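A short worksheet on the structure shown next.
The values are calculated or read from the model by the stated rules, or taken from the named source; none is laboratory data. Bear in mind that the values here come from a model prediction, so they are computed numbers and not experimental data. Cβ placement follows ideal geometry from the backbone for every residue including glycine, while neighbour counts extend to all protein chains displayed. Surface accessibility is based on the protein's heavy atoms, side chains included, excluding ligands, DNA and RNA. Shrake-Rupley method; radii C 1.70, N 1.55, O 1.52, S 1.80 Å.
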Amino acid sequence: MALNATFASPTADAKFAIAQQNVSGILNTIANGANAWTIAATLFLALVVYDQLKYISNKGSIAGPALKMPFIGPFLESVNPQFTKYHEKWMSGELSCVSVFHKFVVIASTRDMARKVFNSPTFVKPCVVDAAYKLLRPQNWVFLDGKAHVDYRKGLNGLFTRQALETYLPGQEDVYNTYFRKFVEYSQVQHGGKPTKFMQEFRELMTAVSCRTFVGHYISDAAMKKIADDYWLITAALELVNFPIILPFTKTWYGKKAADMVLEEFSKCAAKSKAKMQAGGETNCILDGWVSSMIQSEKYRQRIAAGEKVDDSEKPSMLIREFTDFEIAMTLLTFLFASQDATSSATTWLFQILADRPDIRDKVREENIRVRGGDRNMPVSIELLETMNYTRAVVKETLRYRPPVIMVPYLTKKDFPITPEYTVPKGSMLIPTTYPALHDPEAYPDPESFIPERWITGTAEAQVKNWLVFGTGPHYCLGQTFAQLNLILMIGKACMMLDWEHKITPTSEDIEVFATLFPVDHCLLTFKDRP
């Protein structure tokens, strides 16, 4: 009998060996898992460090947080933008910065810094916001740069001449007459004379005015109402900072669907206008004027191609190519994008301010009745609007006091040495802001007070460098004259036809940022007819 014989059975020995293997496998798995977690954690920390170092390097010497929240930055704060936060940023320095997701953002706050950005097409191009490319389409003319943008713009200039603006007035007056009756019914019948939020009603009004001006009666009342209702979704989707990807059932997703709907409606309008203008129809809206220019340009080119000697007096003032229905629709969508939010903001503040300052409203009313010779139903004309000096001053002061557009995002095409000490990195978002220039006490004494007289007897008109309401440089607003005349017409008619009261709340003067500026309480008004 062997002395080293085991007292365990062969079966027991086998189980023991298997158990040893299992323990060893578990330990190896734990060790391997620990290595994977360690590697993942190390990579994550490395990315955080890289994100911080890149931000610090981009920030340089300008104002801004010393460090950023890893990756997302102040994204959660930007989801619900606060005017006071924006104001703090503007006051922190002539240049300041934040970094959100992959985007480094530089804010140009002073008048001179803002003007430098506006006037530097070599270094920057408009970008609006990331989502805008997807909603407005990347091939949209507003995203063109250099000569391509200049040539496209020249073809549109003729749509906003003094003569052209005159043809749009009857349609605008019709809209105001219709909606002023609706305002009274909305106040007195639907809400029993109780103060009601009117901000959204003003948005619908200005959408209707814009649509009638741009596409006339080619669009139905039902389609125009749908655009007015859904355009809110487009505005919401164009927040300054958005999640980079359009996900289903998000703001950008709904905004894209609404933009697609508007493009489809405007494409139909373009086709109808082409048919009408080819048949020799009368020009009643911007679309007609643009299509007419295309037809005239093509006829001129055909005559030249046929060898005909054409007198220079018969040459169109601007030769343009023929645009497809969808190209026209994209351009009209940008017009709506540029006009609807801005004029809705100005309209809301105008009605609130004049309700709170009845002495100013009385002066506007008196002037409008006087220039019409006592006939408040007299059709308006450009000449008539140009005689309304006080009404014009009220409109301009509103645009200064509560500027609809406070920021205009640009993208840096290359490193931009904006000051001797600081260069904005290529690919950054560079945002000139207009608010500080329009509230500069050196240009506009007592800037936080609403003083229309500064545009009549004061020096406000001379402050051309500070007047950044419509931007400056190669991308200044094409429709700035149209916008101001439209607001003069609107508030002048309202003062003659309506009486209204404003319920003042603790937040009436507080500012909400929703693309443009609105009262936080959304303007609680009551309207009634004026005998």
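For H102, what accessible area in Å² do you get when you roll a 1.4 Å probe over the heavy atoms of the protein chains, rounding to the nearest 10?
120
Which shape class, rounded, prolate or oblate, goes with segment 247-339 when its Cα gyration tensor gives a ≥ b ≥ c as root eigenvalues, a/c under 1.5 marks rounded, and past that a/b bigger than b/c marks prolate?
Verdict is prolate for segment 247-339.
Please report the accessible area of F326 (heavy atoms, 1.4 Å probe, ligands and nucleic acids excluded) in Å², nearest 10.
80
Would you mind checking the pairs K85/K251; K396/K503; K276/K315; K134/K226; K154/K414; K226/K413 and listing those with alpha carbons more than 32 angstrom apart?
Beyond 32 Å: K226/K413.
How large is the helix-only mean residue ellipticity at 222 nm for the chain, computed as the sum of -39500 (n - 2.57) over DSSP H runs with n ≥ 4, divided by its residue count, in deg cm²/dmol to the nearest 500?
That calculation yields -18000 deg cm²/dmol at 222 nm.
Determine how large the accessible area of M224 is when every protein chain is in place; take a 1.4 Å probe and give Å² rounded to the nearest 10.
Around 20 Å² of this residue is reachable by solvent.
Amide H to amide H, which residues 5 or more places from L498 or on other chains are under 5 Å from it, using H placed in the peptide plane?
Long-range HN contacts for L498: R530.
When the solvent-accessible surface of protein heavy atoms is calculated with a 1.4 angstrom probe, in what order do Y133, Y476 fall, highest first?
Values: Y133 60, Y476 85 Å².
These residues rank, largest area first, as Y476, Y133.
Would you rank I39, I418 by solvent-accessible area, highest first, keeping every protein chain in place and using a 1.4 Å probe?
The ranking, largest first, comes out as I39, I418.
Using θ = phi - 60° and the Karplus curve 6.51 cos²θ - 1.76 cosθ + 1.60, what whole-Hz ³J(HN,Hα) does each residue of segment 92-106 get, with Gly and Pro shown as x?
Ordered by residue, 3J(HN,Hα) equals 6, x, 5, 10, 9, 8, 9, 9, 10, 6, 8, 9, 8, 10, 10 Hz.
Kindly write out, for segment 257-268 in residue order, the coupling ³J(HN,Hα) from the Karplus curve 6.51 cos²θ - 1.76 cosθ + 1.60 (θ = phi - 60°), rounded to whole Hz, with x marking Gly and Pro.
Taking θ as phi minus 60°, the curve returns 5, 5, 4, 4, 5, 5, 4, 5, 5, 5, 5, 4 Hz for segment 257-268.
Under a point spin-label approximation (7 Å from Cα along Cα-to-Cβ), what is the F71-W253 distance to one decimal in nm?
Between F71 and W253, the label points sit 2.1 nm apart.
Which shape class, rounded, prolate or oblate, goes with segment 127-247 when its Cα gyration tensor gives a ≥ b ≥ c as root eigenvalues, a/c under 1.5 marks rounded, and past that a/b bigger than b/c marks prolate?
oblate
Residues of the chain: accessible area per residue at 1.4 Å, in Å²? Walk me through the numbers before you get to the answer.
Details: 25130 Å² over 531 residues.
Accessible area per residue: 47 Å².
In segment 489-510, which residues have a backbone nitrogen under 17 Å from the label point lying 7 Å from V520's Cα in the Cα-to-Cβ direction?
Only 503-510 pass the distance filter.
Accessible area of the chain with a 1.4 Å probe: how many percent of it is carbon plus sulfur?
Solvent-exposed carbon and sulfur of the chain make up 59 percent of the total.
Show me the three semi-axes of the equivalent ellipsoid for segment 130-529, from the C-alpha gyration tensor (sqrt of 5 times each eigenvalue), largest first, rounded to whole Å. Show your work: numbers first, answer last.
Values: eigenvalues 222, 151, 108 Å².
They are 33, 27, 23 Å, listed from largest to smallest.
Quick check: pseudo-label points 7 Å beyond the Cα along Cα→Cβ at E166 and Y476, how many nm apart are they?
2.4
Taking amide H positions as placed 1.01 Å from N in the peptide plane, with prolines and chain starts having none, which residues 5 or more places from F416, or on another chain, fall under 5 Å of its amide H?
V424, K426
Only Cα pairs under 8 Å and at least 6 apart count here; give the relative contact order of segment 415-468 as a rounded whole percent.
Worked out over segment 415-468, it gives 27 percent.
Report the local net charge at I418: Lys and Arg +1, Asp and Glu -1, summed over other residues whose C-beta lies under 11 Å from its C-beta.
Local charge sum for I418: -3.
I need the shape label for segment 132-194. Rule: rounded when a/c is under 1.5, else prolate if a/b > b/c, else oblate, with a, b, c from the alpha carbon gyration tensor.
Oblate shape, in that a/c is at least 1.5 and b/c is the bigger or equal ratio.
Sorted by accessible area (1.4 Å probe), largest first, how do R203, R303, R321, R212 line up?
Ranking R203, R303, R321, R212 by accessible area, largest first, yields R321, R303, R212, R203.
Work from the charge dipole of the chain (Cβ charges, +1 for Lys and Arg, -1 for Asp and Glu, about the Cα centre) and give the residue of L238, S313, V48 farthest towards its positive end.
Working it through, the farthest residue towards the positive pole turns out to be V48.
Apply the Karplus parameterisation 6.51 cos²θ - 1.76 cosθ + 1.60, with θ equal to phi minus 60°, to every residue of segment 152-160 and state each ³J(HN,Hα) to the nearest whole Hz, in sequence, with x for glycine and proline.
Each residue of segment 152-160 in turn: 4, 5, 4, x, 9, 4, x, 7, 10 Hz.
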